[in-house]
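A quick write-up on the structure given underneath.
The values are calculated or read from the model by the stated rules, or taken from the named source; none is laboratory data. Small disclaimer: the values here were computed from a predicted structure and weren't measured. FYI the Cβ positions are ideal-geometry reconstructions off the backbone, even for glycines, and counts take in every protein chain you see. Side chains are part of the model used for accessible areas, which takes the heavy atoms of the whole protein and leaves out ligands, DNA and RNA. Shrake-Rupley method; radii C 1.70, N 1.55, O 1.52, S 1.80 Å.
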Amino acid sequence: MALAVVVAGIAVMFAMHNPSPSPTSAKATDALSEPVTPAPPPPATEALPAVADAASSAPAVAPTSAPPVPSLAATASLEDVVSRILPAVGSITAGQSRGTGFFVRTDKILTNAHVVQGQTSVTMQVGTTTYNARVTTISSGSDLALLQVYNANPNQPVLTLGSVSHARVGQEVIAVGSALGVLSNTVTRGIVSAVRQVGNITLLQTDAAINPGNSGGPLVDRSGLVIGINSLAVAAQAGQGLAFAVAIDHATDLLNGQVNNAPQTPLTALTKAMGGPSDSDQTRARGEQSYAQVIEWADRSSAQLDAYWDKYAGSCVSSSSRSGDRPWFAIFEANGVRINPMSSLNCQSWLDALQSNAAPIRAEVEKAGEAARHNGVYPGVLRDLRRRHRMNWSGWDR
């Protein structure tokens, strides 16, 4: 019995020092010879961006998709949006016509077709810089024109085109242009009143103030994207505060080589759809607008002659007729100005220079008056336009 107890004790001690492998241990040992495939992590309820450890030298793992870029409207004030737009917008002079255009590329300008109608080349003033451009493409059906800049500046700011599909009724918009063709960088604010389809043209109706000088300027949303090109307002014809912009999608088509040569412009189609003015009324309105632009030009051109007359007339003129708003209009009359023979100045040279510089003004006003009468503009309207700009002279109606 004592021997059996001793043998049993030795067996227990041997088992404690050499335990049999458990099933789990056996599996772990066997797994060393096979690759381990980790179980997929549970799906995350919210994607979180990877956070880099500042103390770690290991490169951060890039997220699978970039976070959305916040819109400009969420980060910029109205003033910031406008300041970003203005350097890309300028005043266009096309013969006697004036309007607005804007850069979509450093060497390409968009404007309205009616602004550059009949011209092959135009100038555009952006701040202190004057650009020369040629008219490359006219899309009469959408009233759009594309200009190619001769003296392009690679650093010229440009505007980004959006889409009318993003326009929502009630959203805030900004119209930029040259009010009345003279006051450049004029900014007005309004909302999208409606998005209308007239034939195959999409128009944005807005209550932002638009006048003929704004034609061709951009209509932008609060993120700074161009969603329309300002066209002629029809407030005077169809109702208060009624203005329209051609959807920018038509400009995108034009940039891609798609030209719309439909016989009527968006404004013509719109007024007909609204039961608006007749064709003769529209012709008369266009004639009035063209005449007004010539008179505005004549007013600006006459300022230098006003100063020239005031400087020397006291010494050189003994008598002059007065038949117009400006005293030097007397040179348009036969023997309207009599030279002072006692003057020590070379007054005849002064008078010749005055007549030479006044002749182009007279020629353009007479030409514009003839065209306006041909378009059915009433004489009283012509006189009123001249009166506003001190350009009335009895000879214009002869």
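Computed with a 1.4 Å probe over protein heavy atoms only, the accessible area of I174 comes to about 0 Å². In this structure D80 has an accessible area near 80 Å², from a 1.4 Å probe over the protein heavy atoms.
With a 1.4 Å probe and all protein chains in place, put S163, S193, S178 in order of accessible area, largest first.
Working: S163 20, S193 45, S178 0 Å².
The most accessible residue leads, giving S193, S163, S178.
When S140, S91 are compared by accessible area at a 1.4 angstrom probe, the order from most to least is S140, S91.
The 3J(HN,Hα) values that the Karplus relation (6.51, -1.76, 1.60; θ = phi - 60°) gives for the range 292-305 are, in residue order, 4, 5, 5, 5, 4, 5, 4, 4, 5, 6, 7, 4, 5, 5 Hz. Gly and Pro appear as x.
A protection proxy built from the mean count of other Cβ atoms within 10 Å ranks the segments 338-345, 324-331, 203-210, most packed first, as 203-210, 324-331, 338-345. The local environment of P154, defined by Cβ-Cβ distances under 15 Å, has a net charge of +1 under the rule Lys, Arg +1 and Asp, Glu -1.
Arrange the residues S77, S231 by how much accessible surface each exposes, largest first, with a 1.4 angstrom probe.
Numbers: S77 45, S231 10 Å².
Reading off the accessible areas and sorting them downward yields S77, S231.
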